[in-house]
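What follows draws every value from the coordinates through simple rules; no lab data is involved. On a predicted model such as this, the values are computed, not experimentally measured, just so you know. As a convention, Cβ positions derive from the backbone with ideal geometry for all residues, glycine included, and neighbour counts pool all protein chains shown.
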Amino acid sequence: MIRTSRDWSPSVIAALAAAAILLAAGVLMAVYEERLYSAQQVRAVREQAQILAGSVTAAVVFDDHNAAQEYVDALRVNPELEGAGVYGARGALVAGFARSTRLPALVTRTETGSGAGYIDLAVPVSQNGDQVGIVLLRAVTEPEERRLARYAGLILLVTMGALVIAVLSFSQAALSRRAQQLVSVNRRLQEEMDERRKTEEALRQSHKMEAIGQLSGGIAHDFNNLIMIVKGNLRLLKRRLGAEAEQATTYIASADEALDRAAHLTQRILAFSRRQPLTPQRVNLSTLARGLSELIRHSVGEKVEITMRLTASWSTLCDINQMENVLLNLAINARDAMPDGGRLVVETRNVTLNEPPTDVEGEFVPGDYVALAVIDTGTARSIPSSPPSRRARAPALAFP
């Protein structure tokens, strides 16, 4: 991954700029120091050459090689001089010495030249305003030790700058990784807070449902006791009347049937509140639906036409009260979907399934099933894309 300048903080950019400025300043200082030293060296060599030219004037005029050589040899003590030469009026070498490079054999002009690591400075030897010869001094531009020390300092400066840049880059990378870790931890903490909020909401809802269940269970229990009292009184009344009042006995039987239905209702409420355990047993859904047909007719009203297609002959395992509650709820939902009337079909049939139906989720075991379907011709206003008829299916494992 290549890091761009946009990923760096202002402090890191400022530090990198300072390191670059320091490096550039070191290079410029080294160049300036070299030029300054060269200028000083030229000035010092020129002064020595002028002194030598004044000293060897008589030796040049009288062509005294030995005297000129003595003056030249006196300059050997200066390690910065590579050589020195005294030339006559015709430019021929009169006296001189050279350490590593030979001096030119003929010099006719006073000028300043340079070579690989040295400079040549020629000054005139004059007497009464006339040039009688030339003095040439050859000096190194910079001593080897000084040059190595300067280069070492420059290399050290470059290395320090590179180290600063590398350390800053690594620090920035570490800060970036730390920031990403903090973002990840913050995201995970936010998700945990959301999950905890959902859990607390579910817990509050559970407590609320538990309270509702306890309340409904208590009411159903008390209501069931009242039903038992009424039923007992009806039995006593029936015994008192005996066979003398057949019409009253019919009314008593109708009231007793209504009380039985009320008792079933309280049982369903108790099952909802979990104060009465579920009792699964083998049930024929066709028989169950046929027994509820009259209650379904009263529940949906006269505007709805009811058709029963009860062809299932297998038994299934379920709680009778709960299954009656499911069937009644589906019928009431169908009635609400047909406010202007319509048709309601209650259907049971035997089916053998090798593959799970498209509308069944969860684990599926191939085998024989009993299908219960409640179909109506109402409209599903809450789901505009649903078809005109709605179907609710409650499949259960069958026992052929």
Full-extension gain between SER184 and THR250, please, as 0.36 nm times their residue separation minus the C-alpha to C-alpha distance.
16.1 nm
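Just order 75-83, 343-351 by mean Cβ neighbour count inside 10 Å, highest at the front, would you?
343-351, 75-83
For ALA89 and ALA17 in one chain, what is 0.36 nm times their gap in residues minus the Cα-Cα distance, to one decimal in nm?
Answer, rounded to one decimal: 19.9 nm.
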Name the lysines eligible as straight-distance cross-link partners of LYS198: C-alpha to C-alpha under 25 Å, and not fewer than 8 places from it in the same chain.
LYS208
Charged-residue dipole, Cβ positions (Lys, Arg, Asp, Glu), segment 296-361 about Cα centre, Debye nearest 20
300 debye
Positive end of the charge dipole of segment 26-119 (Lys, Arg +1 and Asp, Glu -1 on Cβ, about the Cα centre): tell me which of SER38, THR57, LEU28 has its Cα farthest that way.
LEU28
Under 12 Å from the Cβ of VAL86, count the other residues' Cβ atoms, weight Lys and Arg +1, Asp and Glu -1, and hand me the total.
-4
Computed from the beta carbon distance with a Förster radius of 56 Å, FRET efficiency for HIS65 and ALA152 to the nearest 0.05 stands at 0.80
How long is the gain from ARG204 to ARG46 if the chain were fully straight, where each residue apart is worth 0.36 nm and the alpha carbon distance is subtracted?
46.7 nm
